[in-house]
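This report concerns only the one structure given below.
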Amino acid sequence: MAYKLIALDLDGTTVKRKNKISKQNVKTIKWALQNDIKIIIATGRSIKAIKTVADKLGVINYDLPVIGFNGGVIYDFLNNRIIKQNSFSTVEAQDVFTIANKNKVQLWAYSVKDDDLAYVNTNRGLMVKWMSWHTKRKRVLYNKVVNFNDEVFKFVVSGNKPNVLAFKEEILAKYQFNIFDWSYVSKSKLNLEVSPLNTDKKDAVEYIAKMYDIKQEEVIAMGDGSNDREMLKWAGLGIAMGNAKQDIKNIANEVTHHHKKSGVARAIKKHLNNK
């Protein structure tokens, strides 16, 4: 099969800690770009948090869109414009905050109106403090906002496992939102990402493939997390990372090496005849 598009998750797939990318991954991805392969970043990160990696990999120079917020935004860096977006409505966002407060979980919400702003329901939680440091966003207490009228791209939820699971159950009883495991901090804690209905990396990759008149079977997707599941299942060739959880490996067509062992580069070389 002559593959024409490769969708790449970032954290735990293409990128190591602190935005570090192996020389093999950078070199091989740039080789693919030079050989007319569309490299599409598909991540849960915000658009701002994608920029550094997109620059390192060179995808912006090829006028290729990126996927952020788990498919919530398709963005064109070269022309500084949103191609497509999906977000929580104001009413939905308000309800999520109400349910979070009821279940005593920490909530972090990415503002649609202001890319430097996040809404939180507490300033005390470890997740909230870490997200503030990591994203460099200004945080605003939701209950201090008068006449809240913003929309939200994505929520990050954190707390004691029973509380987070109760929050998840209540949300899913009312809405068909997409909920993904975000990270595993300990046996007693749980973090989740919540995305709007019809927001998934798979949908965004499919949209971009159609933009370029690329068939489903001509698409490779690589990832390691639950937010990569549908993308890996949809792609003509879904590749799980060696560090992925077993349930993700089970739905993939094949498993490559660990992300710390340049698994992305090795998979590209294997399937695109770059020796």
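The values are calculated or read from the model by the stated rules, or taken from the named source; none is laboratory data. All values derive from a computational prediction rather than experimental measurement. Don't worry about glycine lacking a Cβ; one is built from the backbone with ideal geometry, like all the others, and counts go over all protein chains shown.
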If D63 satisfies every condition in (1) buried (at least 16 other Cβ atoms within 10 Å of the Cβ); (2) more than 19 Å from the chain's Cα centre (by Cα) but one, which is the exception?
(1)
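Given the criteria buried (at least 18 other Cβ atoms within 10 Å of the Cβ), of a type outside the set (A, V, I, L, M, F, W, C) and either in the same structural domain as I248 (by TED's automatic domain parsing) or part of a helix (DSSP H, G or I) (or both), does K129 qualify? Reasoning before the result, please.
Values: buried (at least 18 other Cβ atoms within 10 Å of the Cβ): no; of a type outside the set (A, V, I, L, M, F, W, C): yes; either in the same structural domain as I248 (by TED's automatic domain parsing) or part of a helix (DSSP H, G or I) (or both): yes.
Considered against the rule, which asks whether it is buried (at least 18 other Cβ atoms within 10 Å of the Cβ), of a type outside the set (A, V, I, L, M, F, W, C) and either in the same structural domain as I248 (by TED's automatic domain parsing) or part of a helix (DSSP H, G or I) (or both), K129 comes out as no.
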Count, please, the residues in segment 190-242 that happen to be of a type in the set (S, T, N, Q) and over 17 Å from the mean Cα position of the chain (by Cα).
1
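What do you reckon, is A7 small (G, A, S), farther than 18 Å from K113 by Cα and part of a strand (DSSP E or B)?
In short, yes.
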Would you please name the residue that is surrounded by the fewest Cβ atoms within 10 Å (Cβ to Cβ), looking only at residues in segment 36-60 that are assigned to a loop (DSSP other than H, G, I, E, B) and of a type in the set (V, I, T)?
I37
For segment 169-181, indicate whether the set of residues that are part of a loop (DSSP other than H, G, I, E, B), more than 17 Å from the chain's Cα centre (by Cα) and either touching a residue at least 24 places away in the same chain (Cβ under 8 Å) or not assigned by TED's automatic domain parsing to the domain that holds N227 (or both) is non-empty.
yes
What is the one condition in (1) over 17 Å from the mean Cα position of the chain (by Cα); (2) free of Cβ contacts under 8 Å to residues at least 60 places away in the same chain; (3) assigned to a helix (DSSP H, G or I); (4) closer than 30 Å to R124 by Cα that E92 does not satisfy?
(2)
